[in-house]
Ligand SMILES: Nc1ncnc2c1ncn2[C@@H]1O[C@H](COP(=O)(O)OP(=O)(O)O)[C@@H](O)[C@H]1O
Ligand SMILES: [Mg+2]
């Protein structure tokens with residue numbers, strides 16, 4: 001079935017940073033239209049894993065497959081192809097500060113996809129409208145709220161027609177009152193069938209959308225399963241314990 | 001009283017001639033800033049993003065041109081290198097074997113060393129995520145640097161660039177030693193014939209002062225023009 005096709009596969013990825021084994025053999029498979037959620041304590045290696053997937057940090061060992069094709073990290077051409085097909089959302093947005101919201105979304109269409117300016121502008125405006133920011137197209141990042149910046153960065157990634165999106169704690173840098181607008185955009189993406197891997201502490205939100213939780217600690221996935229199983233009443237999973245701690249800290253489930 | 005009048009008369013009469021040197025001085029500065037920019041940007045990029053040998057080479061260049069006094073370089077270029085180049089008819093035909101060319105090159109090559117340090121500081125002050133985000137969109141490093149990094153870094157460099165302008169303005173006065181007819185050399189030659197070195201030097205000083213002021217004003221205008229709206233990030237230069 002088309003819907004069940006594997007979009008992304010990661011096999012035994014190992015990554016060392018600063019002489020330490022940060023990723024210690026991580027594997028996962030994402031099927032089309034599914035959302036995998038990475039949870040776990042800070043420093044577990046979630047960001048490193050996401051950046052290994054699009055080779056922003058080339059893995060030391062292991063394999064990455066996109067659309068069934070193994071990525072050869074030595075080939076610049078393959079890396080550029082991979083990165084065009086994989087959208088990335090960063091915790092601190094990383095919008096290009098010298099470009100307006102619209103230009104942020106448009107720049108890679110022109111420079112990478114070689115679209116002509118008019119078509120690229122048109123597409124950029126469509127994506128901004130999709131995240132509810134058509135009226136902010138002419139503003140610079142410094143003139144936008146954190147939530148708006150993150151929505152622009154989602155539009156920027158979507159404009160490239162990614163096969164899969166990697167989201168690295170997309171709401172962690174936001175003031176509490178701005179989290180909702182970004183989560184709403186992510187929910188829309190999930191509903192529209194976007195394939196995604198998301199690192200997040202938003203347990204409550206993601207448990208309703210994710211098909212699997214992957215609990216990471218010390219560079220390994222130490223627990224995985226359907227959110228409903230891991231969070232079932234009476235479950236003594238690590239995930240459950242971690243989430244209990246999170247909600248204790250924030251005063252509410254998934255806060 | 002008589003002396004004062006004499007001094008003023010001499011200055012007044014020399015004014016048009018000395019002001020004629022402004023064009024040469026401006027030519028030297030603009031030429032040198034341009035040479036410095038064209039070489040300084042790749043030097044800075046090489047120092048930040050280059051492979052080890054490239055970084056070494058760029059550092060060597062900076063070290064060399066910051067180390068050798070401009071006066072020494074002027075003599076070397078004019079009497080050494082340009083004398084050699086003037087054997088080539090093409091250069092002579094284009095008047096590129098002139099003292100002016102030698103001075104622009106010397107000032108420009110030295111300025112490139114300093115400008116590269118300005119640009120390097122600006123590049124390194126940008127958040128690391130800018131390059132990451134550009135790469136994540138599938139940009140090559142060349143595209144990322146030219147469309148994302150440099151446009152920001154160059155904007156941040158403008159204040160320090162004003163500084164480079166006033167330094168070049170002062171350094172350009174050294175070009176008189178190889179006979180470029182800029183402000184200083186004209187002042188000296190008039191002073192030699194009128195025996196009024198002091199008032200003429202004051203006049204030259206005033207002209208340099210006005211040029212400094214005007215140039216910095218122009219760069220401030222440029223800075224305001226290309227300012228990133230609401231941008232809060234401060235380059236640490
Ligand atoms: N460039 C680096 N050099 C050395 N250690 C790093 C580097 N980047 C990350 N680390 C370390 O790797 C570990 C995992 O980091 P990260 O992937 O950011 O975790 P997470 O996203 O789960 O919080 C942390 O202990 C961090 O200190
Ligand atoms: Mg992280």
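Quick notes
- Inter-chain neighbour count for A:149-155: the average number of beta-carbon atoms from partner chains within 10 Å of each residue's beta-carbon is 0.
- Structure-based [θ]222 nm, chain A - -39500 (n - 2.57) summed over DSSP H runs of at least 4, per residue, nearest 500: -11000 deg cm²/dmol
- 0 to 90° range, to nearest 10: angle between helix B:150-172 axis and chain B longest Cα axis: 20
- Peptides A:190-200, B:116-126 ranked from most to least packed, by the mean per-residue count of other Cβ atoms within 10 Å: B:116-126, A:190-200.
- Taking chain A and dividing mean pair separation by its residue count, relative contact order in percent (alpha carbons under 8 Å, at least six apart): 25
- Ellipsoid equivalent to chain B - semi-axes via the Cα gyration tensor, in Å: 39, 23, 13
- Within 10 Å of the Cβ of each residue in A:106-113, the mean number of Cβ atoms contributed by other protein chains is 5.
- Where the Cα pairs of the stretch B:1-136 fall when distances are cut into 10 Å bins, in %: 11, 27, 26, 18, 12, 4, 2, 0
- Cα centroid separation, the stretch B:189-231 to the stretch A:30-86: 56 Å.
- Choice from B:140, B:187, B:101 showing the highest fluctuation, given a GNM over chain B with Cα pairs closer than 10 Å: B:140
- Largest mean-square fluctuation among B:156, B:43, B:57, in a Gaussian network model of chain B whose springs join Cα atoms under 10 Å apart, belongs to B:57.
- Simple spin-label estimate for residue A:187 and residue B:68 in nanometres, 7 Å along Cα-Cβ: 6.9
- C-alpha center-to-center spacing [the stretch A:201-231, the stretch B:120-182] in angstrom: 46
- Potential extension, residue B:163-residue B:225 segment - 0.36 nm per residue separation minus Cα distance: 20.5 nm
- With Cα atoms, 0 to 90° folded angle of helix B:52-67 axis to chain B main axis: 20
- Each principal axis of the Cα cloud of the protein assembly as shown was evaluated for its coordinate range; sorted largest first, these ranges are 107, 46, 42 Å.
- For the stretch B:92-170, fraction of C-alpha pairs farther apart than 16 Å, in %: 61
- Per-residue average of Cβ from other chains inside 10 Å of B:126-133: 5
- Its Cα gyration tensor gives the stretch A:2-250 an equivalent ellipsoid; the semi-axes, largest first and in whole Å, are 29, 23, 16.
- Residue of A:132, A:19, A:87 that the Gaussian network model of chain A assigns the largest fluctuation, springs spanning Cα pairs under 10 Å: A:19
- Nearest 10 degrees, 0 to 90: helix B:99-125 Cα axis against chain B principal axis: 40
- Cβ-Cβ FRET estimate between residue B:201 and residue A:74, R0 fixed at 60 Å, reported to 0.05: 0.40
Rule-based calculations on the coordinates, nothing more; no lab input. Here the structure is a predicted model, which means the values were calculated and not measured. Neighbour counts are summed over all protein chains in view; Cβ atoms, including those assigned to glycine, are modelled from backbone coordinates with ideal geometry.
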